[in-house]
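Worksheet for the structure shown next.
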Amino acid sequence: MRTVKRYLRLYRVFLAQFFKSLVQSKADFFLGLVGFFLTQATGIAFLYLVFRQIPMLQGWTLDQLIFIYGFAQIPRGIDHLFTDNIWIVAYRLVVSGQFDRYMLRPMNIFLQVIFERLQPDALGELIVGIILVVASLTKGIVLVDAVRIVLFFVSILAGALIYTAVKLFFASLSFWIKRSGPVLQTAYELANFAKYPTEIYARFVRFIITYVIPFAFVAYLPASYFVKKEVNPVSTIGVECLIAVVFFAIAYLVFHRGTKRYESAGN
Amino acid sequence: MRKKIKIYLPFLENEFKSNLAYKGSFYLFMLCYLFSPFINYYLWMAIYGSTDSGSIGGLTRDEMVIYVFMIYVTTEMVFVGISEYIREHVVEGSVVMNLIKPMDYRMSLISQAAGTMVYRFFAPTVFVWIGVEIYKACVLGMGITPLSNILCYMLSLLMSFLIYVLFDFCFGMIAFITTYMYGMQLIKDALISFLSGQLIPISFFPEAVGRLFEFLPFSSMVYTPVMIYLGKYSGAELAFVLGRQAVWVVLLYVTGSLLWRRITRRLVVLGG
Amino acid sequence: MIKVEHVSKEFVSAKKYQGLSGALKGLFSREKVHKMAVDDISFHIKKGEIVGYIGSNGAGKSTTIKMMTGILTPTKGKCLVNGIDPNKQRKKNAQNIGVVFGQRTQLWWDLPLSESFTILKEIYDISDEAYRERIAFLNRVLSLDDFFTTPVRNLSLGQRMRADLGAALLHNPPVLYLDEPTIGLDLVVKDNIREAIKEINEKYDTTVILTTHDIGDIEELCSRILIIDKGQLIYDGSLAELKETYGTRRRVTMEVKDTKEAAAMPLGQWLGKPEDAYDIEADEENSSIAVSFDKNQLQVSEVIGCVMQHMEVRDIQIKETELAEIVKEIYNHGMAKEA
């Protein structure tokens, strides 16, 4: 309990730093936000352009797909906001030996990594996600009841944890292969494609995004529970939570193992 | 000319080698990177499966398969960024060193980018390309792409590469204003992927919009070579799109030179 | 305080090949290169000692330090710092040690030093009272006030080193590791840093292990030195002892009238010693000659007396071998020749 308190206090100190830097670099923040807005906007524009040519995509309407798309942004944005420093571990900190500093402090290494940086650009994803979800609510295509409201938030948190687990796992590979940035990048980009209904893919592809790198459980599957009555919450959001916990545990174990065989630099 | 090549060749070679150096990640990278064209492929197949008409946006289902994978081949080799290097050089201050060296800064960056392009050609683009041809001939029964198309495509691809790096050089000049380029980088990537045909063929846009986009440099980066490969242009039209690419190469080259001259003059003044 | 027992560290990396075709070859090769960075090293360090850890580049100094700090896990053997195995109880060990890497800062690049300290205060769980006391002390010995609110990236190298040292000492660790703490600093700053280290050691009985290429650091600070070469410990003893054992060369410079004649003098004959027991160099410009010899074979007074009997000597200078030369000698030839 004492440690939890201490870590919370520490996080407050880091957060205070973050807000100070945010005020200092308003222009950068704004540009990052615009960048993310545009990226998402092109994704939506893509759907519009496609639906000019077709009425439905394998039983899904444009509105439903936009909801899935928006819903997918929220856990992604949350993870992006809080754990962005993991990217730097993958690309630079391990290979350059700068990871040394985490090893030297009497604090949990993983928490040091994620405390150190918050990524304000992520607000771009979060805002787009929230706008699209709210817009979908006003269109009346989203099912709303007490259970679904609770599960909505549960699903978002579990989704964010899955993102973090995937990032942590691939970033940890850098303890073995020195620079795992490109691998992480590729794995992370898979998430872009799990925004669409998984039925469109061949079986082995579906297998990969469902079980290997389980992004299907971050976006499409839980989102379907909120738009289709017949979807079972246990097999979507229940499994999502299970995956989140299991994958995070595995990723954390690999990370922990990695720190044990960390080689620093200069040899 | 030969002497010039001698100066810049090491840049190309070094970049090629350092790309190879991270062996562990290399195989994984190769495997993972192929996911994206495949998933795109399935998405389009679902889209074509949701309509009765055989052709959408001027492309048949089979052509779309080729389009998706050739987009991958093309963007892999064309989208080689140099603005990130410029940013690094500005941050480190080594950009000033490049002013005293007896060579053109932009040329050294382009040589470096060419090294990456060569590397990407071998790993793994060329295999995907061969795969596309085999699939095209054996599964789709469309026959192998005629040599003339391939040659025109290669010429167009080379110009696309130049357009992209020359554009990215101009873009990299932002580093002299602010070294935080992440946001700008995102904006650039989003616009390019949308306007170049990478995300969706230009022919899917409403006609007036598409016409407009074709006259921006972005469509010359990706859309033009891929459509050439598909054999969508011939005769005067082919000459026209290739000419348009050449014009963009020249225009961006001149723009880059002007920007660079202005900025270095300012640097010299500031440096005293 | 510190026990290092038969510690080894082996690095395994993929083999690299020359040239462009080599780069391609490397892609398909699975050949590995094994390198023993540290090879079976043992030593003990007592509380309050300042130990210099020296060796040429790539000898294994940093690797040893990194194992003692818990950054690297030894391939074989084990370290105990204050009774704690740094690899098994990393956090507990971290609370006990302070580390400064001269080449790289441990501070937050974009934050002012004051903010970095606030964060470190929380990380090391330092009470307000202890914190105030430490800051006052560090301020006095390191003059941190001069740049306390400056972002770390804007500090000069000397300031940064002081800041890093301050940060490493904030939690009053009983053990302090310094990896090249004076690298690249000018003489004044070097002096300040050395003074600060001395004062901290005296006041808090802090155990200090420092690696350096600067012999000045060793002479000023260290009572004991360890020399490592190619991963093996080749010397462990006091500085005086090292000088005693390996610094037996003496060099006597004498100003004379005729350097040519003096250079040709049959000193060995006069003294009844073999010709190779000494070495004479002439310096025409300063009209002087320099005789160098091993003090165990010839005595300084003997040499001077003998020369003065045969010619007029205007001035005499006697020099011991400098530590830097000894160390250079050891790196170049190893210990075997001397032993």
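The table below gives the values:
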item	result
Matching residues, the range C:43-69, being within 10 Å of chain A (Cβ to nearest Cβ), surrounded by 24 or more Cβ atoms within 10 Å (Cβ to Cβ) and either of a type in the set (S, T, N, Q) or in contact with a His (Cβ under 7 Å, 6 or more places away or on another chain) (or both)	C:62, C:63, C:69
Number of positions in the range C:135-159 that are buried (at least 19 other Cβ atoms within 10 Å of the Cβ) and of a type in the set (Lys, Arg)	0
Only one of C:7, C:38 that is in contact with a Lys or Arg (Cβ under 6 Å, 6 or more places away or on another chain), within 16 Å of residue C:227 (Cα to Cα), modelled with pLDDT of 90 or more and open to solvent by less than 40 Å² (accessible area, probe 1.4 Å)	C:38
Qualifying residue in the range A:168-182 (condition: within 16 Å of the chain's Cα centre (by Cα), open to solvent by 40 Å² or more (accessible area, probe 1.4 Å) and farther than 26 Å from residue C:104 by Cα)	yes
Among the candidates B:96, B:65, B:91, residue that is buried (at least 19 other Cβ atoms within 10 Å of the Cβ), part of a helix (DSSP H, G or I) and over 19 Å from the mean Cα position of the chain (by Cα)	B:65
Residue in the range A:160-182 that is out of contact with any helix residue (DSSP H, G or I) (no Cβ under 9 Å at 6 or more places or on another chain) and modelled with pLDDT of 90 or more present	no
Checking residue B:84 against (1) within 13 Å of chain A (Cβ to nearest Cβ); (2) under 30 Å from residue B:178 (Cβ atoms); (3) open to solvent by less than 40 Å² (accessible area, probe 1.4 Å), the condition it does not meet	(3)
Pairs with Cβ under 6 Å, 6+ apart, first in the range C:232-251 and within 26 Å of residue C:58 (Cβ to Cβ) and at pLDDT below 80, second crowded, with 18+ Cβ neighbours inside 10 Å and among the hydrophobic types (A, V, I, L, M, F, W, C)	C:246/C:326; C:247/C:326
Residue C:252, sole failed condition from (1) open to solvent by less than 60 Å² (accessible area, probe 1.4 Å); (2) over 17 Å from residue C:295 (Cα atoms); (3) in a strand (DSSP E or B); (4) not hydroxyl-bearing (Ser, Thr, Tyr)	(2)
Total residues in the range A:136-184, condition in a loop (DSSP other than H, G, I, E, B) and farther than 30 Å from residue A:252 by Cα	6
Odd one out for residue C:80 among (1) open to solvent by less than 10 Å² (accessible area, probe 1.4 Å); (2) more than 10 Å from chain A (Cβ to nearest Cβ)	(1)
Residue match in the range A:14-29 (condition: among the acidic types (Asp, Glu), surrounded by 14 or more Cβ atoms within 10 Å (Cβ to Cβ), part of a helix (DSSP H, G or I) and modelled with pLDDT of 90 or more)	no
Residues being without any contact (Cβ under 8 Å) to a residue 24 or more places away in the chain and open to solvent by 30 Å² or more (accessible area, probe 1.4 Å) - total across the range B:172-185	5
Selection count, the range A:3-20, where residues are of a type outside the set (Phe, Trp, Tyr) and more than 7 Å from every other protein chain (Cβ to nearest Cβ)	8
Index of the failed condition, residue C:109 passing every other in (1) open to solvent by less than 20 Å² (accessible area, probe 1.4 Å); (2) within 13 Å of chain A (Cβ to nearest Cβ); (3) among the aromatic types (Phe, Trp, Tyr)	(1)
Scan of the range B:186-204 for residues that are open to solvent by less than 10 Å² (accessible area, probe 1.4 Å), assigned to a helix (DSSP H, G or I) and among the aliphatic types (A, V, I, L, M), ordered by number	B:190, B:192, B:202
The one condition in (1) open to solvent by 40 Å² or more (accessible area, probe 1.4 Å); (2) more than 18 Å from the chain's Cα centre (by Cα); (3) modelled with pLDDT of 85 or more; (4) within 14 Å of chain B (Cβ to nearest Cβ) that residue A:147 fails to fulfil	(4)
From C:260, C:273, residue being part of a helix (DSSP H, G or I), open to solvent by 40 Å² or more (accessible area, probe 1.4 Å) and outside the structural domain of residue C:59 (by TED's automatic domain parsing)	C:260
Answer from A:96, A:155 - the residue that is under 14 Å from the mean Cα position of the chain (by Cα) and not aliphatic (A, V, I, L, M)	A:155
Among (1) more than 13 Å from every other protein chain (Cβ to nearest Cβ); (2) more than 23 Å from residue A:83 (Cα to Cα); (3) open to solvent by 10 Å² or more (accessible area, probe 1.4 Å) - the single one residue A:242 does not satisfy	(2)
Matching entry among A:97, A:77 (being more than 17 Å from residue A:248 (Cβ to Cβ), touching a Ser or Thr at 6+ places or on another chain (Cβ under 8 Å) and among the small types (Gly, Ala, Ser))	A:97
Which numbered condition residue A:87 fails, given (1) out of contact with any Lys or Arg (no Cβ under 9 Å at 6 or more places or on another chain); (2) surrounded by 17 or more Cβ atoms within 10 Å (Cβ to Cβ)	(1)
Given (1) in contact with a Pro (Cβ under 8 Å, 6 or more places away or on another chain); (2) in a helix (DSSP H, G or I), index of the condition residue B:262 fails	(1)
Residue in the range C:190-200 that is in a strand (DSSP E or B), open to solvent by less than 20 Å² (accessible area, probe 1.4 Å) and in contact (Cβ under 8 Å) with a residue 40 or more places away in the chain present	no
Hey, residue A:55 without any contact (Cβ under 8 Å) to a residue 40 or more places away in the chain and either more than 14 Å from chain C (Cβ to nearest Cβ) or not in a loop (DSSP other than H, G, I, E, B) (or both) or not	yes
Exclusive hit being of a type outside the set (Gly, Ala, Ser), in contact (Cβ under 8 Å) with a residue 24 or more places away in the chain and not in a helix (DSSP H, G or I), set C:141, C:99	C:99
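The values are calculated or read from the model by the stated rules, or taken from the named source; none is laboratory data. Here the structure is a predicted model, which is why all the values come from computation and not from measurement. Quick reminder, even Gly has a Cβ in these numbers, built from the backbone with ideal geometry, and neighbours come from all protein chains shown. These accessible areas exclude ligands, DNA and RNA; they are computed on the full protein's heavy atoms, side chains included. Shrake-Rupley method; radii C 1.70, N 1.55, O 1.52, S 1.80 Å.
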